[in-house]
Amino acid sequence: MAVTLSVASANKFVNQSRFLLQDALDKVAAGRQQLQNEVDAGKLTPGTQEFLDARNRLVNSAQSFADTLKSQYDQDLANLEQAQQAESNNTVVSDSTSGPVTQSRNTTVSPQVDPEAQQTDSAQANEQIIPADQVTPNEFQEAGNTDGYGSQNEVAVPVDDIRFSPEELDRLAAANGVSQGEPDIEVGTTEAQLYAAESDAQALSIGAAQVGSNNARAQENNASQAQATFPQNQDWRVVLRLAPNADYLYKAPQAGLLQPLKVTDGVIFPYTPNITTAYKADYSAYDLIHSNYRGYFYKNSYMDQITINATFTAQSTADASYVLAVIHFFRSVTKMFYGQDAQRGSPPPLVFLSGLGDYQFNNHPCLVAQFNYKLPADVDYISSGTPNNLGLNLQPLQNLYSTTLNAVAPTATRLAAAFLPPGAQNALPAPLQQVLLSNPTYVPSKIDIDLILYPVQTRQQVSKQFSLKNFASGQQLKGGFW
Amino acid sequence: MAGQYSSTSPYFLTGYSQFFLDVMVNRPIPKANDDLLFTINTTFQYRPDLLAFDLYGDGGLWWVFYQRNPNTLTEPPMDFEAGTSIYLPKLATLKTVLGF
């Protein structure tokens, strides 16, 4: 029987058939279990007429369901053949007994239109022709389907490889250590089908278990990310920020000098910084007596410190305020909560490094171990957070406008353009009014800072979430694993 | 006689008879340390009323700028020029002093 069949359709058909068979298997297994339960409960005694009747009912039910399944199977196959005949871009497959199998994708090309293409196609086909009876499911997988299901590659396979004949199913059942039939249920080849399906179902269940396990692991990772509730990183600039639910430093209600960092939610490095990372594996060496080579014992692996060299510039009061905030943030983030703090006793806060895309730094937790900055003498200095040349402190007012004014109204627009608050009410906190407006602070127009960060992973993350497989696939980079 | 003008008017305290306005009684605006220093821009040039409207919601309060900056602003409104720095009294201060 010559059938025109594409692999995509064939795979779909095979999968559908597998599920039908699995469904049948489940029904038969349920019937068996029910029969066994009745025997265990003492309602039925093996060998009695009542028991035989019950068993026959089960067999008849299985036979009936098998017949239904077979008719549905034939109908699906007929529909599939009709659908395949309607496709113009088909792969021609021959029967296993009647001809070769062409493993190339045979796109119909008219020789009159493109003889060269036809020649090339024919040559390719000749090179890859293999006898159909030599095509096995393994070869079918090797031909481009790594999983054997749902591949995008259209590789021709004989339909007999797809349609389980009773003999093949018996072989498959035997290969899986399942007998071809039990004496109490005599459903012939259908039973063998069911057993073959059982082996497939086991494989499916194992695969499903693996998928479930992976999903659970991925869910843990997602949960870990959800716990952090970080905003999606739309910006690939490098940024160092506090935890989302933090209420300290620049996330405090009265952030003071750190107020500019609140707008950007962390320290955004305006210029691409130099970031040095080191992943290390430690081995202990052992030296054998009278040996030409040294041996090594594996000890552990770890992520060494991260070094960041960054440049900040300031060309306006707003920039200077930001630079000052950055400097003060890193000064502050190296200190612990102490004395009058509500969180006194807590160590310096954790920071999260992001930037350069999801698979570089994606909310990676770390500690600021060292902060170095040098105030150069050969650059201009600019006042920060102070009245500008016109006598106005622009940045706090801009912040105020961003939150309080409706810029659509003409009045608000005019006031915003003049950096004036409504009512001329100076909304700056009193300390800022005194400090910022009267005591200018100067920052260099160009400054380089150095940071040393320690990567941090919690014990729970290490024990319950880490997987080298997931890490290697890049999945856990998104979860903030160093 | 007072009371013929609203409390936001510079003539609120000035006497008024049936036929004429009495000698003006000044209404000084006190200085506060946190008054905003504002450099007039082109938007509000020659328009103290517009600035008063935007700031206080009442264009009739244009004169408070002159009262608050008597040494800078003397000839309304043509000396309300862009580039001139003046102090802006706060609305709370005006409400307290003027009583509106």
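Net charge near B:Ala92: determine it from the other residues with C-beta under 13 Å of the C-beta of B:Ala92, scoring Lys and Arg +1 and Asp and Glu -1.
0
Over the stretch A:340-380, the hull volume per residue, using the convex hull of the C-alpha atoms, is 168 Å³.
Taken along its three principal axes, the alpha carbon spread of the stretch A:249-388 comes to 78, 40, 33 Å, from the longest extent down to the shortest.
If you count, for every residue in B:51-57, the Cβ atoms of partner chains within 10 Å of its Cβ, what is the mean?
Values: counts 5, 1, 2, 12, 10, 3, 3.
Averaged over the peptide's residues, the number is 5.
Cross-link pairs exceeding 23 Å in C-alpha to C-alpha distance, out of A:Lys335/A:Lys374; A:Lys335/A:Lys478; A:Lys299/A:Lys478; A:Lys280/A:Lys446, comprise A:Lys335/A:Lys478; A:Lys299/A:Lys478; A:Lys280/A:Lys446. With a 10 Å cut-off around each Cβ of A:411-421, the average count of Cβ atoms from other chains is 5.
Neighbouring Cβ atoms from other chains, within 10 Å of the Cβ of residues in B:88-94, number 4 on average. Among B:Asp79, B:Asp34, B:Asp49, the residue with the largest mean-square fluctuation in a Gaussian network model of chain B, with springs joining Cα atoms closer than 10 Å, is B:Asp34.
Measure out, as a whole number of angstrom, how far apart the alpha-carbon centroids of the stretch A:233-309 and the stretch B:81-100 sit. Centre-to-centre distance over Cα atoms comes out at 52 Å. By the compact-protein rule of thumb, 2.2 N^0.38 Å, the alpha-carbon radius of gyration of chain B corresponds to a ratio of 1.09.
Taken together, the values in this text are just the output of simple stated rules run on the coordinates, not laboratory data. All figures in this text were calculated on a predicted structure; none of them were measured in a lab. Every residue, glycine among them, receives a Cβ derived from its backbone with ideal geometry; neighbour counts consider all protein chains shown.
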